[in-house]
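Here the structure comes first, spelled out in structure tokens, and everything after it is commentary.
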Amino acid sequence: MEWLKRCFSQEGREDTAGRELQDADALETPLERRQRWRSVYVIYFTMFQMSLGFSIVLTGVWPYLDKLEPGTKKEMLGLAVGASPLGQLLLSPLLGLWANRAGSVRAPLAATMALFVLASALYSQLHLTRPYALYCMLAARFLIGVSSSNVAVARAYLSAATLASERTRAVAAVSLAQVLGFVAGPALQAAAAPLGSADESPGLRLDMYSAPGAINAVLGFINLLLLVPCCFQETDIALREAVRARGDQSEKEVLKALKPDFISSWMLVGAFFVLVFNFVLLETLATTLSMEQFGWGKAQALQYMGALMSAGAVVACLVFAAIPSLTRRFEERALLVWGGFLPTAAASLLCIPWGPGPPPLAMPGQHEALGGCPQETQPWCAESRALSLVQFLLAYACVSVGYPLGVTLIQTIFSKVLGPRPQGVWQGVLAGAGCAARALGPLLVAGVYARRGPPAAFAVTAALTLAALLALRAVYPRLQLPEPAAPPPPAPCELQPLARRDMDDTKRGPLLYTHHTKRSSIKGLLHANELEHLVCRADSLQYIV
């Protein structure tokens, strides 16, 4: 019962937030606060730009590749799409290490943004690289993935540039910026369709295939300009907040005392992998699942799933926007476990077919685009139960709510558990876990789906999600900002006689001056007004400790 009271108690969190806001006024001036938030907004734009850079080319990669190298096998499409997350996976921890060693995020962000501009420009003019256009496309996509590893550095800076009371709102806004980038990307690719396909004339081109790369290059150059010192001014207010909370004078002492909790940190990394694994799997199999379970044709499935994914994106945006309000009413850890992982596990369970009969079977020799479960290539079709449309819609609704809650709160709690120390490497590890889930998850489970069907595939993801939920519940007390240790007690001292009223100013002056110089040591025990009162009345007292 006490645990439930802590989960849903609002009074304690409001008091804590009020104290943190009072402390913020002492940590920075209004001008410094405006400069700090201007830099945070640059980070928001950077995260939006990286998501847009990945998604804007997804729908046009295959026709662009087919135009550049007619007859290219479709296996190359998987390499072209997977090259980007592979580059991000390999470079995220190294870029975080660079930021930690340099003590600044400006150089890593600027270098990766310049690389992003060059790789995007190369992608937009791949026709100039024939007959090596295929290899140049793979190289461009890989370099874009390498440049997008700055996501880890951006998140590390966000953790350093926000107070603990601001962290959840900032992380939610960053996640919302990423979602908007993923949503806007395909829309911009569709908007470039009226440009048509350029002829085979030499020179620079701007058509429906090259326009996404050109848009990325232009926006990336604007982002690079925003990193100049007059727009982006680095700050480490999280460390100053920790120093103030502990009452220590040395930042090095605070970092030495606030050691990260490695058990909860690695647990959160694993939970992040599981959450992204679930989401990417459902996104990957959604079209195939609808065609085989509902008998939809390819065109019908693409139309319906496009509408469903758009609705899911709107729901996710609303959830991201509501997270700051939710965390004011409920505890973050409770929202993560029961609002993030429980609905995601329910989504996997709902995707296991419960229907009374088998799914609609494809006719022997029927083309896959016409829909139906192909029992010739998947023998389990005749033995499996059917998935109802209601189940599928409920599952997608659950993951549309659970995924944004889960990823935002994992990143928020992760940054708080690590404390005010430089987080570049750890944020790189977290980003790498997400990249590994996006690259390996669909590949491994798609094989299970093809051989065993939806029951086996979604039972695996449900088991992983429930295991992650139980693991988070086991380390529940650790999933919070480490409490600052109490300052050491003052050293004992002997009682000293004070000056009497009949002493002249020459004798009284040094005594009062001595009290003033000890103000910093007494400050931790007495309020300033009490200290002034004590010093002013010192000549009327007999002894003072």
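The values are calculated or read from the model by the stated rules, or taken from the named source; none is laboratory data. Remember, predicted model here, so these are calculated numbers, not experimental data. No Cβ is skipped: glycine too gets one built from the backbone with ideal geometry, and neighbour counts run over all protein chains shown. Side chains included, ligands, DNA and RNA excluded: accessible areas come from the protein's heavy atoms. Shrake-Rupley method; radii C 1.70, N 1.55, O 1.52, S 1.80 Å.
Once neighbouring chains are kept in place and the probe is 1.4 Å, which whole percent of the accessible area of the stretch 295-352 is contributed by carbon and sulfur?
Within the stretch 295-352, the accessible surface is 71 percent carbon and sulfur.
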Checking rank on 422-428, 102-108, with mean other Cβ inside 10 Å and highest first, the result is 422-428, 102-108
Which residues qualify? For Cys373, with a placed amide H closer than 5 Å and at least 5 residues away or on another chain, they are Leu361, Ala362
Going residue by residue through the stretch 204-210, the Karplus relation 6.51 cos²θ - 1.76 cosθ + 1.60 with θ = phi - 60° gives ³J(HN,Hα) values, rounded to whole Hz and with x marking Gly or Pro, of 5, 10, 9, 9, 5, 8, 8
For the stretch 347-425, listing GluC sites (Glu not before Pro) in a DSSP loop whose Cβ sees at most 15 other Cβ atoms within 10 Å gives Glu376, Glu383
Checked the stretch 79-122 with the C-alpha gyration tensor, a ≥ b ≥ c its square-rooted eigenvalues, rounded below a/c of 1.5, otherwise prolate if a/b is larger than b/c and oblate if not; verdict oblate
Phi angles of the stretch 299-312, converted by Karplus (6.51 cos²θ - 1.76 cosθ + 1.60, θ = phi - 60°) into ³J(HN,Hα) in whole Hz with x for Gly and Pro, give 5, 5, 5, 5, 5, 5, 5, x, 5, 5, 5, 5, 5, x
Checking rank on 229-240, 155-166, with mean other Cβ inside 10 Å and highest first, the result is 155-166, 229-240
Taking only protein heavy atoms and a 1.4 Å probe, the highest-to-lowest accessible-area order of Arg101, Arg421 is Arg101, Arg421
With x for Gly and Pro, the residue-by-residue ³J(HN,Hα) of the stretch 266-282, computed from phi through the Karplus equation 6.51 cos²θ - 1.76 cosθ + 1.60 at θ = phi - 60° and given in whole Hz, is 5, 5, 5, 4, x, 5, 5, 4, 5, 5, 5, 4, 4, 5, 5, 4, 5
If each part is reduced to its alpha-carbon centroid, the stretch 350-415 and the stretch 264-331 end up apart, in Å, by 12
When every protein chain stays in place and a 1.4 Å probe is rolled, Ile263, Ile413 sorted by accessible area with the largest first are Ile263, Ile413
Highest mean packing first, using Cβ neighbours within 10 angstrom, the peptides 109-116, 355-362 sort as 109-116, 355-362
